1. Within region 152-163, track down each residue that is in a helix (DSSP H, G or I), surrounded by 13 or more Cβ atoms within 10 Å (Cβ to Cβ) and of a type outside the set (S, T, N, Q).
2. So how many residues does region 108-144 have that are in a helix (DSSP H, G or I), among the aromatic types (Phe, Trp, Tyr) and under 16 Å from LEU50 (Cβ atoms)?
3. Only one of (1) surrounded by 20 or more Cβ atoms within 10 Å (Cβ to Cβ); (2) under 12 Å from the mean Cα position of the chain (by Cα) is not met by PHE135, so which one is it?
4. Tell me the residue from ARG140, ARG101 that is among the basic types (Lys, Arg), surrounded by fewer than 15 Cβ atoms within 10 Å (Cβ to Cβ) and at pLDDT 95 or above, please.
Amino acid sequence: MRGIFSIEGPVMNFITKITYSAYLNILWLVCCLPIVTIGASTTALFYVTLKVAKNEEGTSLTKAFFHSFKANFRQSTVIWLILLAVGIVLGFDGYIFYHMRFENAFWTVATAVFLVAVVAYAIILMYIFPLLARFDNTVRAMFKNAIMLGMRFLLCTAVMAAIYFAMAFVVINVFTPIIIFGEGLCALLCSYLLSNILSLCQEKQEAADCANAADTAGNKTETTEISAAAGSEHA
């Protein structure tokens, strides 16, 4: 019993990480205030929560948060502005579809396409900032990888969506003050789900990089041998 409630025991570890989520949520909210910086703030949040999930958070959450905020600011802001623009368009389309109902085939097909677009948008929104917090890649590749991961790991995607939905439901309908944990707790729980998935992606990327490096080295060696042979013939 003493071991359970000791400083390094599971109960204190749980309380510590819940406290972390509240603190990180405050940082996230403050850094989201200009609206434009929501992407950078969310990326920084996942950068820290992914470390917390692996017990690699170090001594300063604040320092790690703002390190990622600055390092990924430009790309995360571009991605966020794209997502914001698409979200506004989808919201406008949803309003039109909801208020202009027609009993015909065109409306049915258009609604189905709209719903698929909304699902794809939600998947990208859940995955792209954790990916950005962990990997370096182009904006286009980030969008592509986010939708591919979300489709491949459907169970993880469904659980993550349930986490966000549950938090929103509790905040709106049950206990509003729990918003103090809000996105921080959601990001932490999702980071536990994503940790192994992102580690698998990193291993595959490193294997691909090693293979490319080996191919490059082999091509250089072959070129050197050909050049040496050509030099011998010329002599």
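The values are calculated or read from the model by the stated rules, or taken from the named source; none is laboratory data. Since the structure is predicted, the reported quantities are computational estimates derived from the model, not experimental observations. Heads up, the Cβs are rebuilt from the backbone with ideal geometry, glycines too, and the neighbour counts pull from every protein chain shown.
1. Passing the criteria: CYS156, VAL159, MET160, ALA161, ILE163.
2. 2
3. (1)
4. After applying the criteria, what remains is ARG140.
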